[in-house]
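Inspection log for the structure reproduced underneath, given as structure tokens.
The values are calculated or read from the model by the stated rules, or taken from the named source; none is laboratory data. Since the model is a prediction, treat every value here as computed from it, not as a measurement. Note that each Cβ is placed from the backbone with ideal geometry, even for glycine, and that neighbours are counted across all protein chains shown.
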Amino acid sequence: MARRSSPNLNGVYAKLARGQKHLNDLEYALETFLKERPYRAVVEDGPNPGDYILRGKIVKRPPVYKFGVMIGDCVHNLRSALDQLVWELGGKTSSAPRHIAFPIFWRKAGAAGFDENASRMLDGLSRPMQDAIRAIQPYRRGRRNEPLWILHRLWIEDKHKTVEIVQSVADGMIIEENVTDSRLIPGPFKDGDVIATYRSSRPQTETDRDASVLFTEAFDVKGPGRGKPLITTLQSAEIEAVQITLKLVAIAEQA
């Protein structure tokens, strides 16, 4: 009996590596932008003695289109790596190869569901591979912020428009020992919005205060990224794509 030839996964691994490169470039570009201190936290007296308010001040807007294109480059390579993966692992032997793709579905049944579409998308793949792909579907995990689903939706959005990000997000606080109570208001803010409150045992000034805010960029709360930070969200998607690849390759090697 002729032995099945090993799949050529060089293109898949190259796509994953390219996605990682774009992610690294985005992270560096974001760090460079944030070093310019585009956002500030302005301290104000709170309603009671010892209480203080921090308001966000937007000094400089982010390079939305530059970041958006870099995000698109990253998600395209990660998402297309999965399509190439199923092609190489058996899809290229399908009688209808134009339908071959890695299925990612939020619904199990119906016209837009996994059950209705996955069989033709995975034609040519072994049953264990198909079962493994079914097991990781977003509809089985029940969360729209699931990395695989976010990757898929960002990929679709990027094909039609620039991926949207919000101007700014309060991402964390640095507090000193004099602070007895602090509260960060997470998520995007507009210029002048309250982003944090805290209580300190000593008087606060703008140059000498016991709490400061860390900033970052995040996806639009109404878009696929659902207001999540750019870098950690894309890192989760990249890890997911790599883990899926390794799992399916391991199944192929056992066949």
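Answer yes if at least one residue in the range 153-168 is over 17 Å from the mean Cα position of the chain (by Cα), surrounded by 20 or more Cβ atoms within 10 Å (Cβ to Cβ) and of a type outside the set (A, V, I, L, M, F, W, C), and no otherwise. No, the range 153-168 contains no residue that is over 17 Å from the mean Cα position of the chain (by Cα), surrounded by 20 or more Cβ atoms within 10 Å (Cβ to Cβ) and of a type outside the set (A, V, I, L, M, F, W, C).
Residues in the range 203-213 that are surrounded by fewer than 11 Cβ atoms within 10 Å (Cβ to Cβ) and of a type outside the set (Ser, Thr, Tyr): Glu206, Asp208.
Screening the candidates Leu85, Leu125, Leu78 for the property of being crowded, with 19+ Cβ neighbours inside 10 Å, of a type outside the set (Ser, Thr, Tyr) and more than 24 Å from the chain's Cα centre (by Cα) yields one hit, Leu125. The criterion of being surrounded by 15 or more Cβ atoms within 10 Å (Cβ to Cβ), modelled with pLDDT of 90 or more and among the charged types (D, E, K, R) does not hold for Glu253. Within the range 43-75, the set of residues being closer than 30 Å to Ser201 by Cα, of a type in the set (Gly, Ala, Ser) and surrounded by fewer than 21 Cβ atoms within 10 Å (Cβ to Cβ) comprises Gly46, Gly50. Exactly one residue out of Val42, Val86 is in contact with a Leu (Cβ under 8 Å, 6 or more places away or on another chain) and under 23 Å from Leu122 (Cβ atoms): that is Val86. If the condition is being closer than 30 Å to Asn178 by Cα and assigned to a loop (DSSP other than H, G, I, E, B), then the range 209-225 contributes Arg209, Asp210, Glu217. Once the range 161-183 is narrowed to residues that are assigned to a strand (DSSP E or B) and of a type in the set (D, E, K, R), the residue that is nearest to Leu54 (Cα to Cα) is Arg183. Exactly one residue among Ser119, Ser95 is closer than 30 Å to Asn10 by Cβ, hydroxyl-bearing (Ser, Thr, Tyr) and either modelled with pLDDT of 90 or more or assigned to a strand (DSSP E or B) (or both), and that residue is Ser119. Of all residues in the range 135-145, none are crowded, with 20+ Cβ neighbours inside 10 Å and β-branched (Val, Ile, Thr).
Yes/no per residue for (1) among the small types (Gly, Ala, Ser); (2) within 30 Å of Leu34 (Cα to Cα); (3) in contact with a Leu (Cβ under 6 Å, 6 or more places away or on another chain):
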position	(1), (2), (3)
Asp115	no, no, no
Arg120	no, no, no
Ile133	no, no, no
Gly142	yes, no, no
Leu148	no, yes, no
Val169	no, yes, no
Met173	no, yes, yes
Asn178	no, yes, no
Ser182	yes, yes, no
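Taken over the range 36-72, the residue count meeting the criterion of being of a type in the set (Lys, Arg) and either farther than 30 Å from Asp158 by Cα or touching a Pro at 6+ places or on another chain (Cβ under 9 Å) (or both) is 4.
Select from the range 63-86 the residues that are touching a strand residue (DSSP E or B) at 6+ places or on another chain (Cβ under 9 Å) and aromatic (Phe, Trp, Tyr) and list them in ascending order. Result: Phe67, single match. Selection of the range 184-208 for residues being outside any strand (DSSP E or B), of a type in the set (Lys, Arg) and more than 21 Å from Glu36 (Cβ to Cβ) yields only Arg202.
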